[in-house]
1. Checking Asp583 against (1) touching a Ser or Thr at 6+ places or on another chain (Cβ under 6 Å); (2) open to solvent by 40 Å² or more (accessible area, probe 1.4 Å); (3) of a type outside the set (S, T, N, Q): exactly one of these is not met. Which one?
2. Quick test of your reading of the structure: Ala68 fulfils all but one of (1) aliphatic (A, V, I, L, M); (2) farther than 30 Å from Leu339 by Cα; (3) at pLDDT below 50. Name the failing condition by number.
3. Please go through region 243-261 and pick out each residue that is open to solvent by 40 Å² or more (accessible area, probe 1.4 Å) and under 18 Å from Met69 (Cα atoms).
4. Kindly establish whether Ser80 is among the polar types (S, T, N, Q), more than 37 Å from the chain's Cα centre (by Cα) and surrounded by fewer than 20 Cβ atoms within 10 Å (Cβ to Cβ).
5. Could you list all residues from region 321-362 that are touching a strand residue (DSSP E or B) at 6+ places or on another chain (Cβ under 6 Å) and not in a helix (DSSP H, G or I)?
6. Would you check which residues across region 614-651 are open to solvent by 50 Å² or more (accessible area, probe 1.4 Å) and either in contact with a His (Cβ under 7 Å, 6 or more places away or on another chain) or among the acidic types (Asp, Glu) (or both) and list them?
7. Which residues, taken from region 262-293, are buried (at least 17 other Cβ atoms within 10 Å of the Cβ) and at pLDDT 90 or above?
8. In this structure, does Ala256 turn out to be closer than 30 Å to Pro185 by Cα, small (Gly, Ala, Ser) and part of a helix (DSSP H, G or I)?
Amino acid sequence: MTATAPRFGSAPLVRLLLVTTVLLGTVFTVLSGTASAHAALTGSTPEDGAVVATAPKDISLTFSEQVAMGDNSIRVLDPSNKRADAGKIRDLSSGGTVTYGIDLHPGLPDGTYTVAWQAVSADSHPISGAFTFSIGAPSKTTATVPTEEAGGGLVGVLYDIARYISYAGFILLIGGAAFVLGCWPRGASVRPLQRLVVQGWLTLTAATLALLLLRSPYTGSGKLGDAFDLGGLQDVLATKTGAALVSRLLLLGAAALFVAVLFGAYAKRETPRDEEESKERKDLTFGLAVGGTVVAAGIAGTWALAEHASTGIQTGLAMPVDVLHLLAMATWLGGLTALLVALYRAPSIENAAVRRFSRIAFISVVVLAATGLYQSWRQVGSWSALWGTSYGQLLLVKVGLVAVLVGIAWFSRRWTERLGQRAEAGTGQGAGAENESKAEAEAATGSETGSGTETAAATTVVGDSERATQLARQKAALASARQKRIRDADPGRIGLRRSVLAEAGVAVVLLAVTTVLTSTEPGRTAEQEAGATGGTAATTPATEGPVALTLPFDTGGENGEGTVRITLDPGRSGANEMHIYVDGPDGQPLDVPEVKAAFTLTAQQIGPLPITPEHFAPGHWSADAVQIPMPGDWQLQLTIRTSDIDQTTVDKNVKIG
């Protein structure tokens with residue numbers, strides 16, 4: 001029995017799906033913002049805000065984990081915004097610490113210097129920041145640093161869109177080819193399915209080239225024009241991500257050969273004429289299955305090599321599991337798209353092919369569940385991270401969408417079973433549809449079988465070959481209209497088409513969520529960065545704006561009691577402005593000799609990061625560009641000295657977003 005379906009109007013269905021995926025990818029990219037990365041700056045020499053007596057010979061930066069740096073990743077700017085560094089970055093890492101340094105020009109004059117840095121985390125995401133230090137004494141500075149985070153802006157949006165499109169192309173290419181080879185071999189000669197797989201290959205190739213060109217400005221300057229800078233491209237090729245993208249392009253060359261054989265030699269052997277041709281077709285099928293699996297696994301491995309699976313714990317197991325996860329996703333969602341195209345665009349499709357895909361989809365879902373469970377444990381790590389981090393929340397959305405997909409797939413399976421039962425019962429509807437399909441094919445191709453006699457008669461009567469061709473076209477149109485009425489009247493086929501279309505719609509959204517998820521900092525890492533610092537100090541609730549605290553103090557000396565008010569704006573990781581107000585017992589400003597502050601993130605063994613505020617007015621102290629390297633529960637320690645011998649230190653935990 002065959003399950004026939006009408007053509008989907010004048011607009012190609014695949015083009016509609018691709019446009020929808022691009023639009024959704026754009027929306028999700030804009031909503032997700034710049035992704036956080038694993039690595040963070042944990043220290044520097046000199047420290048942020050430090051005042052040194054003599055000019056240092058070099059600047060060193062220490063990170064929480066391995067990062068990649070280019071020749072221009074660290075810049076030291078003098079008060080007049082001129083380069084004060086020698087431009088050569090040195091790797092000073094040792095003993096498990098990740099440290100990079102850059103030499104300074106000798107004889108630097110006094111003043112405030114700005115250090116701007118940018119790097120690429122081990123999971124391929126860019127990070128950046130800046131801090132200041134002073135030689136001799138602080139001074140005014142005209143140094144300017146990029147205000148935009150690395151990986152942001154127009155380049156960041158285009159890069160994320162290209163990542164989304166590359167996933168879509170991978171799914172169409174791998175899933176479409178798997179559907180033809182494993183479920184419906186006759187589909188190799190069906191033009192709409194051929195276009196689907198070829199468009200998947202073209203989409204993935206174009207997106208990979210775009211990612212390769214955008215990688216340099218994405219991790220560097222942020223300027224779109226630098227995408228065609230050959231020097232920047234050369235630097236990208238030397239990185240892990242660049243090697244993965246180039247490997248993907250090489251594998252796509254092999255995939256092009258696979259597609260050519262699948263829709264060429266394999267399609268021509270659709271109906272073997274003898275035993276020898278049948279054996280050749282079996283050998284060709286086996287070769288395509290093995291070769292296609294190797295190429296598909298290799299392409300999936302280019303993602304596993306360069307993203308979350310390659311960092312964190314158990315990377316040796318995580319990368320092959322990630323490859324299986326990607327292949328299962330492509331087989332399921334890509335096969336679903338191929339089935340949708342076949343139902344709407346192909347002249348007919350056998351119910352046996354639909355049932356085979358149903359079984360393959362079930363196996364794919366089982367593999368997705370098993371690999372996804374492991375990935376969730378590895379990337380989330382705890383129940384609190386599942387609910388309290390962006391990664392965990394996106395993962396819950398993804399799980400919900402998968403559950404919806406499985407539910408819709410259950411209805412599709414029911415419709416498939418109903419169609420199969422009708423075929424086995426011999427209702428005649430399937431045979432009728434098949435005969436109508438044959439009639440349409442014969443009329444459309446001008447075959448002599450069935451319509452040849454009538455066409456010849458028409459030619460004899462009219463005596464004009466053009467008139468005969470016109471009559472043949474009219475007969476084909478009538479046959480097509482009758483066929484459309486028959487299959488549109490079949491509720492089983494209508495139900496199957498609608499349920500598969502609903503699956504494809506949810507799959508597009510699922511792909512968008514998955515793309516955002518792969519660029520979001522894993523919950524395990526995010527929770528570690530924001531982990532509790534321990535101790536008995538109270539923790540302030542998370543804030544959306546500036547942090548404001550009020551703490552009592554008592555130095556034990558004369559006029560040693562009072563309160564201190566602290567504001568930190570914007571109260572997030574990066575540069576902040578800090579104001580400290582000291583009030584006496586009467587609520588009036590208390591002008592004390594000295595106030596100092598420090599931030600410590602005990603969970604990550606970062607700090608204390610000292611801050612020396614300047615005396616701004618009676619009872620008022622301030623500090624600009626207070627750098628907090630990462631989000632988390634930081635312990636703020638404030639030291640107040642009210643005389644030469646009387647001082648005290650108060651502390652409170654502050655949650656930095």
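1. So Asp583 meets the others, but not (2).
2. (3)
3. Answer for region 243-261, where residues must be open to solvent by 40 Å² or more (accessible area, probe 1.4 Å) and under 18 Å from Met69 (Cα atoms): just Ala243.
4. Yes.
5. So in region 321-362, the residues touching a strand residue (DSSP E or B) at 6+ places or on another chain (Cβ under 6 Å) come out as 342, 348-351.
Within region 321-362, Ser348, Ile349, Glu350 qualify.
6. Glu614, Asp624, Asp644, Asp651
7. Passing the criteria: Leu262, Phe263, Leu288, Gly292.
8. The answer is yes for Ala256.
The values are calculated or read from the model by the stated rules, or taken from the named source; none is laboratory data. All values reported here derive from a predicted model rather than from experimental measurement. Note that we place each Cβ from the backbone using ideal geometry, even for glycine, and neighbour counts take in every protein chain shown. The accessibility values were calculated without ligands, DNA or RNA, using every heavy atom of the protein model including side chains. Shrake-Rupley method; radii C 1.70, N 1.55, O 1.52, S 1.80 Å.
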